[in-house]
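These notes are about the structure you will find just below.
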Amino acid sequence: MKKFIKTTLRALFIINYQLFFSGCYSFTGSSVPAHLKTVAIPLFEDVSGFGEAGLREKFTQQLIQLFVSDNSLEIGERLTSDSIIEGTIVAVADAPSVIAPGEQVTKRRVTMTVRATYTDMKFRKKVWEKDFSNWGEYEQGTQTRSVALEKAVKKVAEDILLETVSGW
């Protein structure tokens, strides 16, 4: 009886395994398909008009660092990578978020929007193209705008990483 149960469980495991991994792009919530090992992340463009010097470099570096830390895809060169993430910083806005009595602004919110595309270079297929938007806040008078911008940069980069490695 024990042998029958073991054999049955093993067969069910193999069937479930094969069903689960049978289609490259057909399931969600899983990891990156096995044929994708590397990702290229060229310098993002900045057309936001926000005027923050080095913003595109900071954002691209943050995204690369998150992929290095995550270790699901290795960073590679544009011409030889299995996949590529390209994008543009399309908007950055700094607006009041908390207004105290007397119309005194106490907190401000920096919101960043990035349009990005992830392409499977092995199959020459666009996997996704999306706008990612997130924000960071700072207290008027006690913190600088750069604190909030750093938070927004990190959150948007995390969103792109999650969409890339978990959006299957």
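Listing for the model above:
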read-out: Where Phe123 falls short, out of the listed (1) modelled with pLDDT under 95; (2) more than 23 Å from Glu57 (Cα to Cα); value: (1)
read-out: Residue list for region 47-67, filter: more than 12 Å from Val156 (Cβ to Cβ) and among the aromatic types (Phe, Trp, Tyr); value: Phe50, Phe67
read-out: Residues that are part of a strand (DSSP E or B) and surrounded by fewer than 13 Cβ atoms within 10 Å (Cβ to Cβ), drawn from region 98-116; value: Ile99, Ala100, Gln104
read-out: Single residue of region 127-146 satisfying the filter (touching an Asp or Glu at 6+ places or on another chain (Cβ under 8 Å) and in a strand (DSSP E or B)) that is surrounded by the fewest Cβ atoms within 10 Å (Cβ to Cβ); value: Trp128
read-out: Residue check for Gln62: polar (S, T, N, Q), in contact (Cβ under 8 Å) with a residue 60 or more places away in the chain and within 30 Å of Glu139 (Cα to Cα); value: yes
read-out: Single match in Ala40, Ala95, Ala91 (criterion: exposed (fewer than 12 other Cβ atoms within 10 Å of the Cβ) and either touching a Ser or Thr at 6+ places or on another chain (Cβ under 6 Å) or more than 16 Å from Ile160 (Cβ to Cβ) (or both)); value: Ala95
read-out: Of all residues in region 46-82 being small (Gly, Ala, Ser) and in a loop (DSSP other than H, G, I, E, B), the one that is surrounded by the most Cβ atoms within 10 Å (Cβ to Cβ); value: Ser81
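The values are calculated or read from the model by the stated rules, or taken from the named source; none is laboratory data. All figures in this text were calculated on a predicted structure; none of them were measured in a lab. Note that we place each Cβ from the backbone using ideal geometry, even for glycine, and neighbour counts take in every protein chain shown.
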